[in-house]
């Protein structure tokens, strides 16, 4: 009330003082929202690029993990050779001891063939039959992005030698070593 009276006397006797309102005007809010929108248009593409790079790094590590699991499978079940199935390398640890059909060497998401925007498979298996027992002697691990350019740019491959190569077009024609 004292403020109001002081303003009234400063303005003169015949004029009534308007109470001051606190808060933001519509223009101020629009300016702030415009600045936020500009910052988001600059930041979002970079975040998507980082997500894609993370997916590609995860795919390389997953191919390496599958390759190591293949070597462990070959050591544990030499009569079978290598595995020609991700499901065979996987398996539920709660189901009991590992078997040639469920070796429990990789995680369930990788055994399902999908992880971090990539689809994984074991293909091109070569087998020989010894004493009525099929033995897998070679294989190829492939990892392709679910959406080339969005979840990843490169396809990745490996074989029984565990050398990981890439296909820059996102397919399985892996001819270039990874850097």
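Since every read-out is calculated from the coordinates, none of them should be taken as a lab result. Because the structure is a prediction, the values reported are computed rather than measured. Using ideal geometry, Cβ is built from the backbone for each residue, glycine included, and neighbour counts are taken over all protein chains shown.
For this structure, a couple of remarks:
- Any hit, the stretch 123-133, residues being under 14 Å from residue 159 (Cα atoms), touching a residue at least 60 places away in the same chain (Cβ under 8 Å) and surrounded by fewer than 19 Cβ atoms within 10 Å (Cβ to Cβ): no
- For residue 170: the one exception among (1) more than 17 Å from the chain's Cα centre (by Cα); (2) in a loop (DSSP other than H, G, I, E, B); (3) under 30 Å from residue 47 (Cβ atoms): (1)
- Summed over the stretch 94-118, the residues that are part of a strand (DSSP E or B) and surrounded by fewer than 18 Cβ atoms within 10 Å (Cβ to Cβ) give a count of 2.
- Cβ-Cβ contacts under 8 Å between residues 6 or more apart (or on different chains), taken from a first residue in the stretch 51-64 that is at positive phi to a second residue that is surrounded by 15 or more Cβ atoms within 10 Å (Cβ to Cβ) and assigned to a helix (DSSP H, G or I), are absent.
- Under the condition of being surrounded by fewer than 19 Cβ atoms within 10 Å (Cβ to Cβ), over 17 Å from the mean Cα position of the chain (by Cα) and either closer than 22 Å to residue 116 by Cβ or in contact (Cβ under 8 Å) with a residue 60 or more places away in the chain (or both), the residues counted in the stretch 134-157 number 1.
- Members of the stretch 73-84 found to be surrounded by fewer than 16 Cβ atoms within 10 Å (Cβ to Cβ) and in a loop (DSSP other than H, G, I, E, B), listed by number: 78, 79
- Residue list for the stretch 158-179, restricted to those being out of contact with any helix residue (DSSP H, G or I) (no Cβ under 6 Å at 6 or more places or on another chain), surrounded by 14 or more Cβ atoms within 10 Å (Cβ to Cβ) and within 16 Å of residue 126 (Cα to Cα): 159, 160
- Residue in the stretch 62-72 that is crowded, with 16+ Cβ neighbours inside 10 Å, within 14 Å of residue 172 (Cβ to Cβ) and touching a helix residue (DSSP H, G or I) at 6+ places or on another chain (Cβ under 8 Å) present: no
- Filter pass, residue 47 being surrounded by 10 or more Cβ atoms within 10 Å (Cβ to Cβ), part of a helix (DSSP H, G or I) and touching a residue at least 12 places away in the same chain (Cβ under 8 Å): no
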